Amino acid sequence: MIASRAGGNVELIEDDATGVLFDVGDAEGLAAQIRRIAGDAQLRARLGHAAEASVARHYSVSAMAHRFASLYARALGSGRAQLA
């Protein structure tokens, strides 16, 4: 993932861990990141695997269900959620 440092991108992408970021409006910065990613197969693989693991951990249906269950449990005062 190559994205600008704008909006939610900086919350979703950990620079140089799950993707790479460039400054908003920095066309040369974007071009440099494209060249960097295109020219380094190991970097692409490392970032891709880390991004896939991050999505599974934070944004999967299962992760979302657990967060909602926890939220509902706290709202109901039980402090504990149980999912089947």
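The values are calculated or read from the model by the stated rules, or taken from the named source; none is laboratory data. Just so it is clear, the structure is predicted and the values come from calculations on it, not from any experiment. Backbone-built Cβ (ideal geometry, glycine too); neighbour counts: all protein chains shown.
Listed by first and then second residue, the pairs linking a residue in the range 4-22 that is hydroxyl-bearing (Ser, Thr, Tyr) to a residue that is at pLDDT 95 or above and assigned to a loop (DSSP other than H, G, I, E, B), with Cβ atoms under 9 Å apart and 6 or more places separating them unless they lie on different chains, are Ser4/Asp23; Ser4/Val24; Ser4/Gly25; Ser4/Asp26. If the condition is being surrounded by 13 or more Cβ atoms within 10 Å (Cβ to Cβ), under 16 Å from the mean Cα position of the chain (by Cα) and of a type outside the set (Val, Ile, Thr), then the range 44-69 contributes Arg44, Arg46, Leu47, Gly48, Ala50, Ala51, Ser54, Ala63.
A quick yes/no check of all residues on (1) at pLDDT below 95; (2) of a type in the set (Asp, Glu):
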| residue | (1), (2) |
| --- | --- |
| Ala6 | no, no |
| Leu12 | yes, no |
| Asp15 | no, yes |
| Val20 | no, no |
| Gly25 | no, no |
| Ala32 | no, no |
| Arg36 | no, no |
| Asp40 | no, yes |
| Leu47 | no, no |
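Note on the range 6-42: among residues that are within 11 Å of the chain's Cα centre (by Cα) and of a type in the set (Asp, Glu), the one that is nearest to Tyr59 (Cα to Cα) is Glu11.
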